[in-house]
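Below you'll find the structure, written out as structure tokens, and then a few comments.
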Amino acid sequence: MTLPAWALVPERRKVEGSEELGWFFAPTPARIEGVGQAIPLFGLLTNFYEGADMIAVKTLPGGDFDITVAVLNDFPVFTRHFLFKGGYFQQEVAFNLYSRGIDSQSKDYIVPYIKQSGNFWDFRYVGWEERVELFYRQFEGKGQQTKVFDAKGNLLSDVVTKTEFSASQYGYQLDLTDENIDPRIGVRFGQKYSPNTSKNAFTSDVTLIDSEINFYLPLRESDTIAFNFFTSLSQINRAGVTDEATARTVLSQNCASGDFACSVAEDKLVADALAYNRHGSTSLGGPNRLRAYAMNRFTAGNSNFRGVEYRYNFDDKANPLNWGFIGGTNSLLQMAFFFEQGTVSDERSQLLSNMKPSYGMGFRSLISGFIYRLDLAQGDEGLGVTLFIDYPMQLLPITE
């Protein structure tokens with residue numbers, strides 16, 4: 001007798017403590033390659049109402065970046081099938097802007113200083129025990145680039161460039177695993193569409209299409225091996241300015257005659273803008289894909305990524321936890337070993353070659369549905385360290 005396809009879907013496994021009330025309030029050192037380090041004051045209340053969470057973050061003075069975030073997460077709208085997420089953010093950050101392409105040099109970058117603020121919200125429909133998910137989200141805000149530095153910290157330009165942004169995302173995810181936070185067996189796949197419509201004629205309208213599939217296989221009594229395959233493709237809907245002379249006029253940094261460093265920075269800004277208008281932009285590198293490399297280290301019109309991770313569970317029994325500043329139910333203590341490869345290219349035909357490697361190990365703890373994480377990764381450009389909260393156990397879900 002042939003079984004129907006739905007009968008092969010793993011039964012949902014309940015993670016003890018994942019729906020229990022939890023809290024965290026303390027300074028939390030954070031480090032992101034290519035951005036820097038800081039100490040955010042992190043406030044978190046999980047599962048305070050029907051699985052909803054409240055999150056607040058404010059960095060302490062003296063760090064490499066300044067962020068303020070307030071979020072209401074997974075708040076049910078009449079029923080747990082419809083979930084709302086909304087929040088506000090404000091940030092001041094200097095980040096490394098690398099030259100495009102997989103063969104760009106690690107020292108070939110400039111450092112724009114950006115101020116941004118805005119709000120975001122999304123609605124999700126979840127059904128069939130959270131196996132089916134449809135989502136739509138919206139971002140709105142404004143920002144300005146106030147300064148540009150070279151890789152050595154020298155000021156190249158202090159021309160202020162102001163922008164406004166409004167973006168949306170929509171997509172789906174089908175989760176045929178045994179558990180949506182820490183899956184042990186099954187498959188998960190989905191797509192996310194990010195149409196970026198410019199408010200000016202200079203910049204192209206580009207839709208970014210992300211596709212992802214994950215496989216999970218159980219090992220021993222409670223361990224897991226996870227496979228992740230991801231592509232991100234740019235689709236040009238309306239071409240913006242592709243003429244260099246026009247782009248240079250718009251993006252002029254008012255460099256003084258003979259100021260070679262400023263001219264180099266202006267050349268990079270112009271080249272990046274023209275490349276985006278012709279090919280779009282997506283990136284690899286940072287806390288979740290190619291973890292050994294800086295945030296957005298490799299950029300081009302398209303990207304391809306694959307990774308495998310072995311997750312060794314020391315303890316997956318629910319243990320009550322109350323240390324004052326942190327409380328809830330600790331339901332997982334895990335060590336992971338991972339190997340990743342990825343590449344970027346403006347030509348889709350080149351997405352299977354010239355892969356950059358990243359490999360390492362990490363430690364994670366799951367407390368009342370939130371994950372606390374430390375990763376150490378080695379690549380062609382040295383060691384990358386990530387220290388963060390709220391790590392997606394499913395290797396960056398398509399809906400994030």
### Top-ranked residue in region 79-89 [being surrounded by fewer than 16 Cβ atoms within 10 Å (Cβ to Cβ) and not hydroxyl-bearing (Ser, Thr, Tyr); ranked as farthest from ARG348 (Cα to Cα)]
ARG80
### Query
In the list GLY118, GLY101, which residue meets the criterion of being in a strand (DSSP E or B), of a type in the set (Gly, Ala, Ser) and touching a Phe, Trp or Tyr at 6+ places or on another chain (Cβ under 8 Å)?
GLY118
### Task
Those residues that are under 23 Å from the mean Cα position of the chain (by Cα) and either loosely packed, with under 15 Cβ neighbours inside 10 Å or farther than 24 Å from LEU269 by Cβ (or both), I need them from region 199-211; list them, please.
ILE209, ASP210, SER211
### Summary
Pairs returned, first residue in region 139-151 that is farther than 10 Å from ASN119 by Cα, second residue that is of a type in the set (Asp, Glu) and not in a strand (DSSP E or B), beta-carbon separation under 9 angstrom, 6 or more apart or interchain, are THR146/ASP158; LYS147/ASP158; VAL148/ASP158; VAL148/GLU266; ALA151/ASP108
### Task
Could you list all residues from region 121-155 that are touching a helix residue (DSSP H, G or I) at 6+ places or on another chain (Cβ under 7 Å) and assigned to a loop (DSSP other than H, G, I, E, B)?
ASN154
#### Entry: Residues that are hydroxyl-bearing (Ser, Thr, Tyr), closer than 30 Å to LEU351 by Cα and not in a loop (DSSP other than H, G, I, E, B), drawn from region 104-115
TYR109
### Task
Among residues belonging to region 223-257 that are among the hydroxyl-bearing types (Ser, Thr, Tyr), at pLDDT 85 or above and out of contact with any strand residue (DSSP E or B) (no Cβ under 7 Å at 6 or more places or on another chain), point out the one that is nearest to GLU340 (Cα to Cα).
THR242
### Query
Under 6 Å by Cβ, and 6 or more places apart or on different chains, what pairs join a residue from region 80-100 that is within 19 Å of LYS115 (Cα to Cα) and in contact (Cβ under 8 Å) with a residue 60 or more places away in the chain with one that is β-branched (Val, Ile, Thr) and part of a loop (DSSP other than H, G, I, E, B)?
PHE95/VAL35
#### Entry: Test: residue in region 220-230 that is more than 26 Å from the chain's Cα centre (by Cα) and on the phi < 0 side of the Ramachandran plot
yes
### Task
Being surrounded by fewer than 16 Cβ atoms within 10 Å (Cβ to Cβ), in a strand (DSSP E or B) and either modelled with pLDDT under 95 or in contact with a Leu (Cβ under 8 Å, 6 or more places away or on another chain) (or both) is the filter here, so list the residues in region 212-222 that pass it.
PRO218, LEU219
### Task
State whether the residues of region 57-76 include one that is in contact (Cβ under 8 Å) with a residue 60 or more places away in the chain and of a type in the set (Phe, Trp, Tyr).
no
### Selection status of ALA52, of a type outside the set (S, T, N, Q) and modelled with pLDDT of 85 or more
yes
### Task
Filter region 131-141 down to residues that are more than 20 Å from the chain's Cα centre (by Cα) and surrounded by fewer than 17 Cβ atoms within 10 Å (Cβ to Cβ), then give me how many there are.
1
### Message
Among the residues in region 258-270, are any at pLDDT 85 or above and either in contact with a Leu (Cβ under 7 Å, 6 or more places away or on another chain) or surrounded by 13 or more Cβ atoms within 10 Å (Cβ to Cβ) (or both)?
### Response
yes
### Message
Considering only region 182-196, I want to know if a residue exists there that is part of a loop (DSSP other than H, G, I, E, B), of a type outside the set (Phe, Trp, Tyr) and out of contact with any Asp or Glu (no Cβ under 9 Å at 6 or more places or on another chain).
### Response
no
### Query
So how many residues does region 359-400 have that are of a type in the set (Phe, Trp, Tyr) and at pLDDT below 85?
4
#### Entry: Extreme residue, farthest from GLN90 (Cα to Cα), among residues of region 109-158 that are of a type in the set (Lys, Arg) and touching a strand residue (DSSP E or B) at 6+ places or on another chain (Cβ under 6 Å)
ARG131
### Message
Looking only at residues that are assigned to a strand (DSSP E or B) and among the acidic types (Asp, Glu) in region 23-78, which one is surrounded by the fewest Cβ atoms within 10 Å (Cβ to Cβ)?
### Response
ASP66
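The values are calculated or read from the model by the stated rules, or taken from the named source; none is laboratory data. All figures in this text were calculated on a predicted structure; none of them were measured in a lab. Because the Cβ atoms are built from the backbone with ideal geometry, glycine has one as well, and the counts that use them run over all protein chains shown.
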